[in-house]
Amino acid sequence: MSYLTGDPLAVRIRIAFGAAVADDPDTWEWTDVTEWWHVPDEVTITWGRSSGAGQAEHSTLSLTLKNDGRFTAYNGMSPYWPYVETWVPIAFDIDLGDGAGWRNRFSGFVQKWPLTLPGGSSRMALAKIEAVGVLARLGRGNPPARSAMYRTIRRASVAYWPMEEGSGATIAGSAFSGHAPLTVQGGTLAFADLEQLELTNGDLQFGTGRLADISGGARMSAVLAPEVIAACSGPDGWTANTWIQVQDSSTLSGPIVVMEVETPGGTYVRWQVVVDPTISPTFGTHIVAIDQDGAATTVASDSGIFTSLFGYDLSVWQESPGTIRAGLWWWHPTSSWTVTGTISGTTAPPTRVWINRSGATCTVPLPVGHLAINADHPTPFFVSQVDSNSGVGLHYGTFAGFLYEPADLRLPRLGEEDGVRIAVPTLPAGDETPRMGSQRAGTPVQLYQECETTDGGLLYEADFGLAYLPRVLRYNPEVALLLDASQGQLGLPFEPAGDDQLLRNRVTVERVGGASETAEDQDSVVRQGEIERPVTVNTPTDDGLAEIAAWWLHLSTVREPRYPSVPINLSSRRELAVSWVQCRPGSRMQVINPPRQAVPGVIDQLIVGATETFRGRRSWRAVLNVEPASPWFVFVLGDSVFGRLDTKGSALATAAAASDTELLVATTSPYRRWITTAERPDDFPLMVSVAGVPVQVTAISGTVSPQTFTLAAPLGWDMPEGIGVRISRQAVPT
C-alpha cells in the first residue's frame, strides 16, 4: 500500500490520556483513536510561522472525532475518564507507504473538547477538537519573568527563597507552594535593585535583579516544610546556600551569622556560617556547630573575608558512623574556595533556617539573597564555567547570568530548566553562534526568542518540543523541494505581490543595556521614504553592533516580489509528497518555469511555515509561507555555486532578443568588470541571472565595459536595455 502509487493515505491519530506534560514524551502511553475520526470534516494543521513574522508561532490542529460520549469532557462514563481534559497530548501522523514509516505532521496538546450535535440530532455527536503546540502551552496565563538565578536554583532545590521582592515587601516569599516565607524577627529589612545596593564587581552582570538589604540588622527565619525535612533525612545530608556581599568588614557592627540551620535531634542542634570582622585570631569566616547546651565548636575556618558578592554553600553530612563532616564552599564566577572539617557526632535534618540571626548591622548596604536548601552534599548551585574559547577572564555561570554563553548552548539549557526539549544540531568545526550577554529576567518564550534574535537563526516547534536552526546553518541551503509549474506542480491561487510589507530600509540594533548602531539603504530611503525596523540583541559588548545592523538591513531590503503563499496539491501531484514531508522551517524551495506573467526565471524561497489540509485519505493540500532565499546566499571560497562574487553593478548595454546567443553587458562605476574566459578558463561555464532568468554562460570576452557574454543556448526572452545581470546561485547544468 503506497500513497505514492495511488492508494489512500494512511492516517493515525493518537491521544496520550493521563500523560503528565512535564514527563518525557517518550514515556507517554498512547491510545490510537483513528477509528473515531470523522473523515468528512477537514483536518487543518498549521506549523512554523507566517511570512515576515519576527518570532516563532505555535502550531495548530483542528480535527473532528465521532463521539459516543468517550470524548466528552468530564463524562464519568467515558473509558478515558477522568483524562478527557485540556492539555492532553495528541499526535497526527501519516504513512506514505514508501518504507519510511509514520511521519508526524502535528504534535501538541488539546485545548478544546467541544461537543456538537449536527442538525440538532442526538443520533450523531461530534468532538471538534482544537489543539496547539508547545509554545502555546508555555505562554498560558501570564507567566512571570524569572531571573537566571531563580530558574536554576528553584529547579535544583527542595526549599528556596529568592529574596527578589519589591521595595515595599516586609517578608521574603518562598518559591515553593505551601512553604513558609522568611519573616523578620527583628531589625530593619529593605529590598532594592543592584544599583542601589552598590555591588562591587566591576563590569560584571548578575543573574538576579534585586536582593534584600539587611544592613539595618534584619533577622530573618523560616520553618521548613515537612517534605523538606524528610528529603534531608538521608545519608547524603543537606546543603544550605545563600549569596551575600560584605563590601567592607570594618563597616559591620560585629560578627555576623550569615546563615544558621537548626537541626534538633542531632548531636549539634545549630550550624552556623560566621563572618567575624574582629582582629586575629577570630578574624575570618568559620563553620560553627552548637550543641544542646549552647556550647559552640569551630569545625573549620578560613582566615579571609570575601568582599565581592559570593555564594556560600554550607554542607553537613555523616561521613562515617560517629563522624560528621562539614564544608563551606564560596562560589564566584571564575573560581571557588573550600574549607572542611570533621567533628564527632551524628547528624539530623534541618527544621528551620536563619539569615543574620546575630542581628549584625552595617553602615553600607549588606545585600543577601537566594537562600536555598538542597538534600545533598556538597551542592554547588553555581558551578562556574571558565570558557577557554572566548579568552582569558571571560566566564559564564548562573551567578553572572551565563555571560558569554553561546546561543546554541543557552537554548537547550533553558529548555531543560523548563522541561522542554530543544533540539539544536551540532555545528561544523570552526563554526559557532554568537556569545550571549547576561541572561535577563524573562518568560521562557522571551528567553528563547532573545537567543534567536541575537543569533539570527530559526526557532520552531518539533516533536512536543522545539528545534533551532542556527544562523550559520541557514547559509546556502540545498534545494529541498522543487516545483515545476509547467508540469502542474504549482497550485492556485499563485499571486506574487510587489509591495513593501517586508521592506525595512533603516535598521537600528540596540544592545540590552548598551549602545545602538543604525544601518540604512540610502537609495531606498530617498525613493520610498524611511521604513524603520528596531532590533534588540543581547550581546556581551557593543562590539559588532554595526555589522549586526548591516546584516538585518541586508535581510530587510530584498528587491524581489513577495509571495504571500505558495500552494501545492499533494493529491494530484503525489510525486512531491516525500520531498514535502522532509521540509522544515528553513528548507529551501524553488519554482521553475513559473507562469509567463510572473517575474521570469527561478523563484527561490525559504519555507518558514505552512498550512496543511486533509479531507479524508485522498485530499491533501499545503499552502507554504515563504521568504526570499537570496539574502542567505553567502560566498564560499572554492564552491562552484557560492564561490563566485558578484559585480553588483552590471546591466545589458543593448536590448537582447529571445533568439540571441550573445549579450553585451556593461559594468557601472565603481564596480569591476567580469573575469574573462582567457583569464580564468576553469571558471566556465557559469550561471548568471538576467532579470531573474538563469542563463548558462560559456565564455566572456573583452577587458573593458561592455563585455560580450556567449550563451550556451538562446536567451529565450526579449530583454530591454538596462536589465540587471547578476551571478546566479543555480548550479551549472551537467
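The values are calculated or read from the model by the stated rules, or taken from the named source; none is laboratory data. Worth saying up front: this structure is predicted, and the values here are computed from it rather than measured. No Cβ is skipped: glycine too gets one built from the backbone with ideal geometry, and neighbour counts run over all protein chains shown.
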| request: Count, please, the residues in region 649-664 that happen to be touching a residue at least 60 places away in the same chain (Cβ under 8 Å) and in a loop (DSSP other than H, G, I, E, B). | output: 5
| Quick check: anything in region 620-631 under 24 Å from residue 553 (Cα atoms), buried (at least 18 other Cβ atoms within 10 Å of the Cβ) and among the hydroxyl-bearing types (Ser, Thr, Tyr)? | no
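For every residue, the table says whether it meets (1) closer than 25 Å to residue 143 by Cβ; (2) surrounded by 14 or more Cβ atoms within 10 Å (Cβ to Cβ).
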residue	(1), (2)
432	no, yes
440	yes, yes
453	yes, yes
462	yes, yes
479	no, yes
496	no, yes
515	no, no
530	no, no
| task | Would you mind stating whether residue 676 is buried (at least 17 other Cβ atoms within 10 Å of the Cβ), at pLDDT 90 or above and in contact with a Lys or Arg (Cβ under 7 Å, 6 or more places away or on another chain)? | result | no
| query | Any idea which of 78, 167 is of a type in the set (S, T, N, Q) and without any contact (Cβ under 8 Å) to a residue 12 or more places away in the chain? | reply | 78
| message | Quick check on my filter: what residues within region 461-476 are in a strand (DSSP E or B) and not acidic (Asp, Glu)? | response | 462, 465, 466, 467, 468, 469
| Which one is surrounded by the fewest Cβ atoms within 10 Å (Cβ to Cβ) among residues in region 213-234 that are in contact with a Pro (Cβ under 7 Å, 6 or more places away or on another chain) and not in a helix (DSSP H, G or I)? | 233
| message | So, residue 349, is that one part of a loop (DSSP other than H, G, I, E, B), out of contact with any His (no Cβ under 9 Å at 6 or more places or on another chain), in the same structural domain as residue 252 (by TED's automatic domain parsing) and at pLDDT 95 or above or not? | response | yes
| remark: Over region 392-422, the set of residues outside any strand (DSSP E or B) and among the β-branched types (Val, Ile, Thr) is 392, 398, 420
| note | Within region 335-376, the residues that are crowded, with 18+ Cβ neighbours inside 10 Å, under 19 Å from residue 325 (Cα atoms) and within 34 Å of the chain's Cα centre (by Cα) are 373, 374, 375
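Residue-wise test of (1) within 43 Å of the chain's Cα centre (by Cα); (2) assigned by TED's automatic domain parsing to the domain that holds residue 318; (3) modelled with pLDDT under 95; (4) on the phi > 0 side of the Ramachandran plot.
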site	(1), (2), (3), (4)
263	yes, yes, no, no
272	yes, yes, no, no
277	no, yes, yes, no
281	no, yes, yes, no
285	yes, yes, yes, no
291	no, yes, no, no
296	no, yes, no, no
299	no, yes, no, no
303	no, yes, yes, no
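To keep it simple, each residue is scored yes or no on (1) in a loop (DSSP other than H, G, I, E, B); (2) in contact with a strand residue (DSSP E or B) (Cβ under 7 Å, 6 or more places away or on another chain); (3) in contact (Cβ under 8 Å) with a residue 12 or more places away in the chain.
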residue	(1), (2), (3)
69	yes, no, yes
86	yes, yes, yes
98	yes, no, yes
105	no, yes, yes
110	no, yes, yes
| request: Confirm whether residue 680 is charged (D, E, K, R) and touching an Asp or Glu at 6+ places or on another chain (Cβ under 8 Å). | output: no
| task | Name the one entry in 206, 191 that is in the same structural domain as residue 245 (by TED's automatic domain parsing), over 27 Å from the mean Cα position of the chain (by Cα), among the aromatic types (Phe, Trp, Tyr) and crowded, with 16+ Cβ neighbours inside 10 Å. | result | 191
| request: Taking only region 454-484 into account, find how many residues are within 30 Å of residue 598 (Cβ to Cβ) and hydroxyl-bearing (Ser, Thr, Tyr). | output: 2
| Sole exception among (1) out of contact with any Phe, Trp or Tyr (no Cβ under 7 Å at 6 or more places or on another chain); (2) in a strand (DSSP E or B); (3) in the same structural domain as residue 311 (by TED's automatic domain parsing); (4) on the phi < 0 side of the Ramachandran plot for residue 177, by number | (2)
| task | Please list, ordered by first then second residue, the pairs with beta carbon atoms under 7 Å, 6 or more apart or interchain, first in region 348-362 and free of Cβ contacts under 8 Å to residues at least 24 places away in the same chain, second surrounded by fewer than 19 Cβ atoms within 10 Å (Cβ to Cβ) and assigned to a loop (DSSP other than H, G, I, E, B). | result | none
| query | What number of residues within region 522-543 are within 30 Å of residue 438 (Cβ to Cβ) and touching a residue at least 24 places away in the same chain (Cβ under 8 Å)? | reply | 11
| request: Only one of these is within 28 Å of residue 591 (Cβ to Cβ), modelled with pLDDT under 90, under 38 Å from the mean Cα position of the chain (by Cα) and loosely packed, with under 14 Cβ neighbours inside 10 Å: 643, 638. Name it. | output: 643
| Quick check, is residue 279 surrounded by fewer than 21 Cβ atoms within 10 Å (Cβ to Cβ), hydrophobic (A, V, I, L, M, F, W, C) and part of a strand (DSSP E or B)? | no
| With respect to the numbered conditions (1) surrounded by fewer than 16 Cβ atoms within 10 Å (Cβ to Cβ); (2) modelled with pLDDT of 95 or more, which one is the sole condition not fulfilled by residue 64? | (1)
| said: Give me the strands (runs of 3 or more DSSP E) completely within region 533-629, filtered to those with at least 2 residues that are in contact with a Pro (Cβ under 6 Å, 6 or more places away or on another chain), ordered by residue number. | reply: 603-615
| field | Residue in region 235-260 that is surrounded by the most Cβ atoms within 10 Å (Cβ to Cβ), counting only those that are closer than 14 Å to residue 157 by Cβ and of a type in the set (Val, Ile, Thr) | value | 239
| Taking region 423-447, which residues are outside any loop (DSSP other than H, G, I, E, B) and touching a Lys or Arg at 6+ places or on another chain (Cβ under 9 Å)? | 442, 444, 446, 447
| query | Inside region 502-518, can you point out the residues that are more than 26 Å from the chain's Cα centre (by Cα) and not basic (Lys, Arg)? | reply | 505
| task | Can you confirm whether region 235-250 contains a residue that is assigned to a loop (DSSP other than H, G, I, E, B), touching a Leu at 6+ places or on another chain (Cβ under 9 Å) and either modelled with pLDDT of 95 or more or at positive phi (or both)? | result | no
| field | Looking only at region 152-166, and only at residues there that are of a type in the set (D, E, K, R) and modelled with pLDDT under 95, the one that is nearest to residue 39 (Cα to Cα) | value | 155
